[in-house]
Every structure is written in C-alpha cells, then in structure tokens.
Amino acid sequence: MRTQIERDFLEFHNDNPAIYEKFAELCFFLYTQIGIRKTGVALVWERMRWDFVLETRSTDGFKLNNNHKAYYARMFMDSHPMFKGFFNIRVTQGERIKREQHEEVYA
C-alpha cells in the first residue's frame, strides 16, 4: 500500500515526464563534467527550481514539491546503477511504515 506522498509523486511524475529528464541531465552533468561523486538531492532540485522553464502541472500548487525529490533521487539511482550511492538518502515515511508492518507480521 502506498502513502499519500508516494501517490502524489507518481501522479506528478506521470503528468510531468520532463522533470525526470532534466533531473537525470543535471545528475550526469555533475558526475561527468564537474566530477561530483556524492551529493544531496537538494543540489539538483534547487538548480532545477532556478532555471526550469517548462510548465508543470501540479495539484498542490507547487512547481517542484520538496516531497518529490527523494523519490526522484531513488528513481535515478535505481535506473542508473553506476550512480548507486550518488545521493545521500534517508528512509522515507512509506519505507518506515512498510518495515514496521513487516516486523509485526514476522515478529
């Protein structure tokens, strides 16, 4: 079962595929042109806020909602194994809930 934040992310991602394309482009640039091997997702996210020119569709009123950046980071690292560990990530609320439910079932 997905959390509301996860459902919101998936809806936003499906409505705005160019966001991920720009996200990936910036990650590759940081890695290949600047030589950054590990960073926080906020670096990419805030850069996108600075110069993003495409219109996005969002039901929450935010062009780039901070709730989505963790999911873009995970999606990018999952899609590009050479970038595993590129972003510093924390456990999401959904991951924590799933782990707790798993522990309850197998306790």
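The values are calculated or read from the model by the stated rules, or taken from the named source; none is laboratory data. Not measured: the values here are computed from a predicted model. No Cβ is skipped: glycine too gets one built from the backbone with ideal geometry, and neighbour counts run over all protein chains shown.
Can you name every residue in segment 1-46 that is in contact with a Gly (Cβ under 8 Å, 6 or more places away or on another chain) and modelled with pLDDT of 95 or more?
Listed by number, the list holds a single entry, Lys38.
Got a sec? Which of Gly85, Gly61 is at pLDDT 90 or above and in a loop (DSSP other than H, G, I, E, B)?
When all the criteria are applied, what remains is Gly85.
May I ask you to say which residue of Glu11, Glu25, Glu21, Glu46 is under 13 Å from Asn67 (Cβ atoms), without any contact (Cβ under 8 Å) to a residue 60 or more places away in the chain and in a helix (DSSP H, G or I)?
Only one candidate qualifies: Glu11.
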